[in-house]
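Below is one structure; the comments refer to it alone.
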Amino acid sequence: MNLTLKIWRQTGPDDTGGLVTYRMSDISPDMSFLEMLDVLNEKLNANGEEPIAFDSDCREGICGMCGLMISGHAHGPERTTTCQLHMRSFKNGDTITVEPWRAEAFPIVRDLVVDRGGLDRIIQAGGYISANTGSAPDAHATPVPKDNADRAFMAAECIGCGACVAACPNASGMLFLGAKITHLGELPQGQPERDARVVSMVGQHDHEGFGGCTNVGACSQACPKGIPQDVISQLNKDLRTALKHGR
Amino acid sequence: MTENSSGLVHGLYRDGAPIADHKAPAGPIEQKWTRRKFEAALVNPANRRKMSVIIVGTGLAGGAAAATLGEAGYHVKSFCFQDSPRRAHSIAAQGGINAAKNYKEDGDSVQRLFYDTVKGGDYRSRETNVYRLAEVSANIIDQCVAQGVPFAREYGGLLDNRSFGGVQVSRTFYARGQTGQQLLIGAYQALERQVAAGTVEQFTRHEMLEVIVDGEGSERRARGIIARDLVTGEIETHLADAVVLASGGYGNVFFLSTNAMGSNVTATWRAHRKGAHFANPCYTQIHPTCIPVAGEHQSKLTLMSESLRNDGRIWVPKKREDCDKDPRDIAEDDRDYYLERIYPSFGNLVPRDIASRQAKNVCDEGRGVGPVVGDFRRGVYLDFADAIARLGEDAVRNKYGNLFDMYARITGEDPYTTPMRIYPAVHYTMGGLWVDYDLQSTIPGLFVTGEANFSDHGANRLGASALMQGLADGYFVLPNTIRDYLATSPATPLTEDSPAVVGARREVEERTERLLAINGERSVDSFHRELGNIMWEYCGMERSEEGLLKAIDLIRGLRAEFWRNVRVLGAADTLNQSLEKAGRVADFLELGELMCIDALHRRESCGGHFRAESQTEDGEALRHDDEFAYVAAWEFTPPHDTDGETTFGAGMGAPVLHKEDLTYEFIELKQRSYK
Ligand SMILES: Cc1cc2nc3c(=O)[nH]c(=O)nc-3n(C[C@H](O)[C@H](O)[C@H](O)COP(=O)(O)OP(=O)(O)OC[C@H]3O[C@@H](n4cnc5c(N)ncnc54)[C@H](O)[C@@H]3O)c2cc1C
Ligand code: FES
């Protein structure tokens, strides 16, 4: 199929950047979206133009490295990661706009690459269970009811790609944050630090410049792992409880 | 093989002195690790703060080690090339992690896991290391549960297990099809906790391009690395008291593999060039259950977890005429469930090397299915119809839902109603830098963990054992052995203007400049693809003397062309992904040659290394224990360069082979049988 691509090019953080139009022909529907960009980059390189910078690593939808705004949708028209999006989701003759994640907390590095270090710093603020190596009791010492284990797992599926932030009109990171709060809060091992965790992580989230949640729900819609919005309710509940406990 | 007048065997390599691993203490195998830990010197907690360790890699092996050493109070610098440590390639592991917990009471034990791993590795691994791996496996599960890793559980709240290829017990712990993700998130969170505590400094989007080795002879010490900040392009020097490489495997030398796009050999290859021996480079694992290649623009291959073989049945049509039929229209009697037929006792659960080779065999016979790629159909069916009839679609969805979804997304076919198509793909590399029992390479102070070392899997790795090894190395082994080195090998002061540092920096800068200056005609990817084709064709599932000799010639030619004709645009002082790739491919072009030399010299078949010249009557791998029961550890020699020309293109001189004999004291050597 033949396509028109409008791709964001920006040489660095200080450049203003802009959309550049590229035409592609003979694209196979079985190609992934990123393979289509690979083909474009090979063409650019052959013509002496610098290839477009974009992030990807696993190309299996699990590492969270890839992430593009595709015609206004985080990761494109399907509910999946950019690397798992295939060209069969598009039609011959389509015009596709490709932009980086846009959020104050995700400064642009180059072209389609952004800095998502803020997400790591939110985890540093308490997204863990303090269990030094070697100090663990036998794994069967504390049974975990299957329902809790399953909900913890569902929340822990978050790949940290940042699509929730990119999709949110407020550029809020609450779905990412709520997922971690829910993952650790569902497990008996996560209880001792539960109050302190939520207070500290919410503080870091706001400090990074992520916006507040106004219940739009675009985050969950865009999440390639389908993390439900109720993790944000869980976050709010945990925060209220922690504040009640005088944290 | 013959030695010619210049002392070269087969015109390719030299024989060197044997090497031995003296670090494992004497005595019964069950007591060795306890003794080693006891004998390893201690570092006083107050002194740990003053000692620094660089860890390259934040996968399971590097992330776990960085967190643990940080907790102990050392000053750790942690490096990865992705934008977050959580994205290391370990994240992609699907199926599970082994541990000898015997929670199922099905006769599992440390002894059995040890035995299975040595046998699975086709008797080409070191007994002492494997025993230790089995021994610490149980602690890993405890540690992960304490960190909040949400493993699959049964209704009673206890942990669930599944079984994996090559074994007859259920010892694999899992988190749906995302076990690697969950384990890595556990390690990552422990690591971030240490970053917050100030013990670990985190360097993301940084690529190590050289190791700094100070001193001569027995005084040699690894003392730091040269890294490139991938965002600013700045070349940085990082010094430390010890360096750990946990940089993963080199499967991407084949271009198409199940590895992440960025996985590379640069960290270990640079260390190899500086004196670290590279062991068994030809031992590669080709995984039997991957989604077949669809077209020429393919950038990577996707694994379908081996756990699928628990419930899926593998078959091809008995008759070639049926190969392009709808599989659902092929009668039961016209199907060949070839693994169940050839290996009645293990059936679909034979080890990976065997399952892969049999898939190749049936496809070579013209009984493959799916699209014709090259000149024949490269695919076999993995069929869940029986499992769905037996367990119900919901139960199958529950176990494998995410894998089925991924398959559907990639192929556009629905595996609930039509059998999956699978084909083998490069997946894991058993070879890696040679290490002793302490995981220390032949460069003192340079330790290697996880897939980057060669240590535990011999010629073939069993499923769910890489995650186990990565975490065993990272959480439990390295932190105990490195302290002995740190306590007993006081480092002399080293500054950024020391010759070793200046030299290493200059090498990196010159290489970068050179890559950007060539400005030839061909893209980096085109070289990588061509190298991958050579490797797959001649150093893949089946290898022969003739093919390997041809491959070596082709690779040398390609490497020379690369340094003459590659086109890398852009600048050095900015994010430049072509430049990153170019450096990695340059190293793959050297590694590929060593892999072929190693494969050529090993005139036996073992595990993932199948030499056409060495097979039994019914086509099974035939080992030659009398001649080849050793680890092949290769020493790098610089190219001969008499006229002072730059040596970039020449790459390497004839490597020197050092043999470490493998002695089996506790397990009897046998030809493997899964029949
Ligand atoms: C698709 C897939 C599924 C798998 N499933 C399983 C499974 O179910 N069970 C199992 O046991 N095993 C499985 N494996 C194998 C297993 O995942 C890997 O062997 C293991 O995770 C490797 O871990 P590691 O820590 O050694 O390296 P990796 O996780 O590969 O980490 C390498 C790290 O090194 C860094 N790095 C590399 N080079 C440099 C450099 N030059 N400079 C700076 N940083 C660098 C990277 O950034 C990264 O952080 C699977 C593998 C694949 C590909
Ligand atoms: S590249 Fe890993 S999720 Fe897309």
Positive end of the dipole of the protein assembly as shown, charges at C-beta (+1 Lys, Arg; -1 Asp, Glu), about the Cα centre: which of B:THR284, B:THR58, B:GLY458 has its Cα farthest in that direction?
B:THR58
Tell me, B:ARG506, B:ARG87 in order of fewest to most beta-carbon neighbours within 10 Å?
B:ARG506, B:ARG87
Footprinting proxy, A:TRP8, B:TRP315: sorted fewest to most Cβ within 10 Å, the residues are A:TRP8, B:TRP315
Cα gyration tensor shape of region B:516-640, rounded if a/c is under 1.5, else prolate or oblate by comparing a/b with b/c:
prolate
Could you tell me, in Å, what Rg and Dmax come out for the Cα atoms of region A:79-179?
18.6, 60
Arranged from highest to lowest average of other beta-carbon atoms within 10 Å per residue, in what order do the peptides B:346-358, B:625-637 appear?
B:346-358, B:625-637
Nearest-ten-degree value, helix A:33-46 long axis tilted from longest Cα axis of chain A
40 degrees
Computed [θ] at 222 nm, helices only, for chain B once each DSSP H run of length n ≥ 4 contributes -39500 (n - 2.57)
-11000 deg cm²/dmol
Shape call for region A:3-63, from the Cα gyration tensor axes a ≥ b ≥ c (a/c under 1.5 means rounded, otherwise prolate when a/b beats b/c, else oblate), comes out oblate
Using amide H atoms built in the peptide plane, which far-off residues or other-chain residues are under 5 Å from B:ALA279 H to H?
B:GLY432, B:LEU433, B:TRP434, B:TRP634
Dipole in debye (nearest 20) - region B:149-229, about Cα centre, beta carbon charges: Lys, Arg +1; Asp, Glu -1:
400 debye
For region B:460-474, Karplus-derived ³J(HN,Hα) couplings (6.51, -1.76, 1.60; θ = phi - 60°; whole Hz; x for glycine and proline) come out as 7, 9, 7, x, 6, 9, 6, 5, 4, 5, x, 6, 4, 4, x
Rounded to whole Å, give me the distance from the Cα center of region A:151-212 to that of region B:489-545.
40 Å
Roughly how big is chain B's charge dipole about its Cα centre, with Cβ charges of +1 (Lys, Arg) and -1 (Asp, Glu), in debye to the nearest 20?
1220 debye
Please provide three numbers in whole Å: the alpha-carbon extents of chain B along the principal axes, with the largest listed first.
74, 58, 51
Only Lys, Arg, Asp and Glu count, each charged at its Cβ (+1, +1, -1, -1), so figure out the dipole size of the protein assembly as shown about its Cα centre, rounded to 20 debye.
1840 debye
Positive-pole candidate from B:PRO344, B:GLN358, B:PRO317, dipole of the protein assembly as shown, charges at beta carbon
B:PRO344
Indicate the helices, whole DSSP H runs only, in chain B that combine a mean Kyte-Doolittle hydropathy of -0.5 or more with a Cα extent along their long axis of 24 angstrom or more.
B:127-147, B:179-197, B:499-518, B:545-565, B:577-601
In nanometres, the difference between 0.36 nm per residue of separation and the alpha-carbon distance of B:ALA17 and B:GLU546 is 187.6 nm
In range of the label at B:ASP497: residues from region B:215-235 whose backbone nitrogen is under 12 Å from the point 7 Å along Cα→Cβ:
none
Positive-end extreme of charge dipole, the protein assembly as shown - chosen from A:VAL39, B:TRP33, B:ALA190 (charges on Cβ)
B:ALA190
Honestly region A:1-117 on the Cα gyration tensor test (a ≥ b ≥ c root eigenvalues; a/c under 1.5 rounded, otherwise a/b vs b/c for prolate or oblate) is just oblate
Show log10 I(q)/I(0) for the protein assembly as shown at q = 0.05, 0.06, 0.10 Å⁻¹, two decimals, from a solvent-free Debye sum over equal Cα scatterers.
-0.26, -0.38, -1.17
What ranking do B:615-624, A:132-141 get when scored by the average of other Cβ atoms within 10 Å per residue, highest first?
A:132-141, B:615-624
Quick one: check the C-alpha center-to-center distance for region A:9-80 versus region B:277-355, whole angstrom.
33 Å
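Rule-based calculations on the coordinates, nothing more; no lab input. Model, not experiment: these values are computed from the prediction. We place every Cβ from the backbone using ideal geometry, glycine too, and count neighbours over all the protein chains shown.
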